[in-house]
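Written out below as structure tokens is the structure these notes cover.
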Amino acid sequence: MSRPAGLLEHAGQAVGWTPLVEIQRLGKGLPGRVAVKLEYFSPGASIKDRPALAIIEAAERAGVLRKGQRIVEKTSGNMGAGLAWACAIKGYRFTAVLSVGNTPERSQMIKAFGAEVVKVRQAPGAKPGQVSKEDLDLVEAETQKRVKKYKAFRPDQFNNPGSVWAHRFGTGPEIWEQTAGRVTHFCSFAGSSGTLIGTAQALKERYAGVRVIAVEPAQAPFLAGKPVRDTRHAIQGGGYAVEPGIYDRSVVDAYLTVTDAEAKRTARALAAREGIMGGYSTGANVAAALMLARKAPRGSLIVTVACDSGLKYLSTGLYPA
């Protein structure tokens with residue numbers, strides 16, 4: 001029996017074409033308009049579903065990922081959940097290695113998709129709920145051990161071009177079409193940088209005048225070339241004073257920093273006034289987009305992303321208990 005046109009064969013086909021929503025209350029009266037792409041509409045509830053599936057399928061085509069082989073990756077949570085979700089669909093065993101400083105909801109999600117979670121202790125001086133460069137170095141060491149132990153395939157999201165391709169051929173073209181080519185600015189938190197760079201490449205291919213802005217934590221503006229005071233902050237998934245191998249400076253026009261307080265305040269306002277409930281990185285993205293909207297030429301359209309759902313942060317104090 002043939003499948004009805006609206007019936008998907010599997011959840012992987014539900015990735016992409018997430019909604020793009022203008023925030024009219026928080027942006028009221030500003031010269032520029034702000035729109036947010038809601039990536040938590042993806043099946044794994046984050047923007048990392050895109051690169052997770054893209055990397056796995058590219059590895060299958062290249063023959064470097066074989067049936068029955070285990071996949072192992074270090075993660076701050078979203079890529080781990082994305083890979084766990086993708087592996088559930090594709091039939092691979094997956095091990096996520098992450099710091100105990102990451103939110104417990106992330107580990108719970110990864111386990112719910114049937115994957116193994118390996119938690120790594122934090123470095124001395126760690127702050128609860130925050131992951132530093134030193135913490136991530138410990139996670140990297142454990143990841144390498146697990147890859148060797150299992151003879152596993154490692155997606156290596158910070159260096160794998162698939163992280164860029166997923167957005168260059170997905171997120172970027174979607175934004176261009178959803179805005180009818182009227183997008184003037186794109187800003188995104190620079191974690192593994194796949195979203196920022198891939199989307200930037202796609203938009204600039206269509207209109208070279210699109211302004212691309214990388215967002216970093218206020219105390220760790222490493223990519224901007226400014227002094228790093230501390231890599232411990234609440235915005236999980238980046239700001240570790242490391243330049244990813246996939247980072248492409250040629251498509252980044254400017255840098256903005258956001259404090260933990262600004263990210264938290266904006267995330268709360270976004271949920272309460274716009275009905276968009278995201279995490280700290282979403283708060284940082286929208287805070288940066290609003291900064292741009294205040295100074296942009298009238299009629300500008302600034303686009304950013306809601307990286308994941310605020311439901312992953314209920315244990316952190318981001319939202320009132």
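The values are calculated or read from the model by the stated rules, or taken from the named source; none is laboratory data. Since we're looking at a predicted model, the values are computed, not measured. Neighbour counts run over all protein chains shown; Cβ positions are idealised from the backbone, glycine included.
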Worksheet item: For segment 74-87, which residues satisfy the criterion of being part of a helix (DSSP H, G or I) and either under 18 Å from Tyr150 (Cα atoms) or assigned by TED's automatic domain parsing to the domain that holds Ala190 (or both)?
Response: Gly80, Leu83, Ala84, Cys87
Worksheet entry | Among the candidates Val286, Val252, residue that is surrounded by 21 or more Cβ atoms within 10 Å (Cβ to Cβ), outside the structural domain of Ser99 (by TED's automatic domain parsing), within 19 Å of the chain's Cα centre (by Cα) and over 23 Å from Asp135 (Cβ atoms) | Val286
Worksheet item: Mind checking which pairs have a first residue in segment 21-42 that is within 12 Å of Ile302 (Cβ to Cβ) and a second that is among the basic types (Lys, Arg) and crowded, with 19+ Cβ neighbours inside 10 Å, Cβ under 9 Å, 6 or more apart or different chains?
Response: Glu22/Arg33; Ile23/Arg33; Gly27/Arg33
Fill in: Filter result (of a type in the set (S, T, N, Q) and under 18 Å from Leu83 (Cβ atoms)) within segment 97-145
Ser99, Asn102, Thr103, Ser107, Gln108, Thr143, Gln144
Worksheet entry | Residue that is surrounded by the fewest Cβ atoms within 10 Å (Cβ to Cβ), among those in segment 101-159 that are under 25 Å from Asp230 (Cα atoms) and outside the structural domain of Glu73 (by TED's automatic domain parsing) | Asn159
Worksheet item: Which one of Arg273, Arg268 is surrounded by fewer than 19 Cβ atoms within 10 Å (Cβ to Cβ), assigned to a helix (DSSP H, G or I) and either in contact with a Phe, Trp or Tyr (Cβ under 7 Å, 6 or more places away or on another chain) or modelled with pLDDT under 95 (or both)?
Response: Arg268
Worksheet item: When you scan segment 78-110, how many residues do you find that are of a type outside the set (A, V, I, L, M), in contact with a strand residue (DSSP E or B) (Cβ under 6 Å, 6 or more places away or on another chain) and over 23 Å from Ala59 (Cα atoms)?
Response: 2
Practice prompt. Kindly establish whether Pro19 is modelled with pLDDT of 95 or more, surrounded by fewer than 18 Cβ atoms within 10 Å (Cβ to Cβ) and under 20 Å from Pro173 (Cα atoms).
Written response: yes
Discussion item. Checking the condition closer than 30 Å to Lys74 by Cα and either in contact with a strand residue (DSSP E or B) (Cβ under 6 Å, 6 or more places away or on another chain) or not assigned by TED's automatic domain parsing to the domain that holds Ser309 (or both), which residue from Ala59, Ala35, Ala5 passes?
Written reply: Ala59
Discussion item. Being touching a Leu at 6+ places or on another chain (Cβ under 6 Å) and either more than 20 Å from Leu290 (Cβ to Cβ) or touching a residue at least 12 places away in the same chain (Cβ under 8 Å) (or both): is that true of Ile213 here?
Written reply: yes
Discussion item. If I filter segment 55-73 for residues that are farther than 30 Å from Arg211 by Cβ, among the aliphatic types (A, V, I, L, M), modelled with pLDDT under 95 and not in a helix (DSSP H, G or I), do I get at least one hit?
Written reply: no
Response to the item:
Residue hits (segment 260-283; over 14 Å from Val34 (Cα atoms) and under 18 Å from the mean Cα position of the chain (by Cα)) are Asp260, Ala263, Lys264, Ala267, Met277, Gly278, Gly279, Tyr280, Ser281
Worksheet item: When segment 209-220 is examined, which residues are found to be crowded, with 20+ Cβ neighbours inside 10 Å and not hydrophobic (A, V, I, L, M, F, W, C)?
Response: Glu216, Pro217
Discussion item. Looking at Glu73, Glu39 in this structure, which one is buried (at least 23 other Cβ atoms within 10 Å of the Cβ) and within 25 Å of Val286 (Cα to Cα)?
Written reply: Glu39
Worksheet, complete the sentence: Selection over segment 206-243 where residues are farther than 29 Å from Gly317 by Cβ and touching a Phe, Trp or Tyr at 6+ places or on another chain (Cβ under 9 Å) yields a count of 7
Discussion item. Report every pair of residues separated by at least 6 positions or lying on different chains whose Cβ atoms are under 8 Å apart, first residue within segment 246-270 and touching a residue at least 12 places away in the same chain (Cβ under 8 Å) and among the acidic types (Asp, Glu), second in a helix (DSSP H, G or I) and crowded, with 18+ Cβ neighbours inside 10 Å.
Written reply: Asp248/Val164; Asp248/Ile197; Asp248/Ala200; Asp248/Gln201; Asp260/Tyr280; Glu262/Gly283; Glu262/Ala284; Glu262/Ala287
Discussion item. Given (1) over 16 Å from the mean Cα position of the chain (by Cα); (2) in contact (Cβ under 8 Å) with a residue 12 or more places away in the chain, identify the lone condition not met by Phe186.
Written reply: (1)
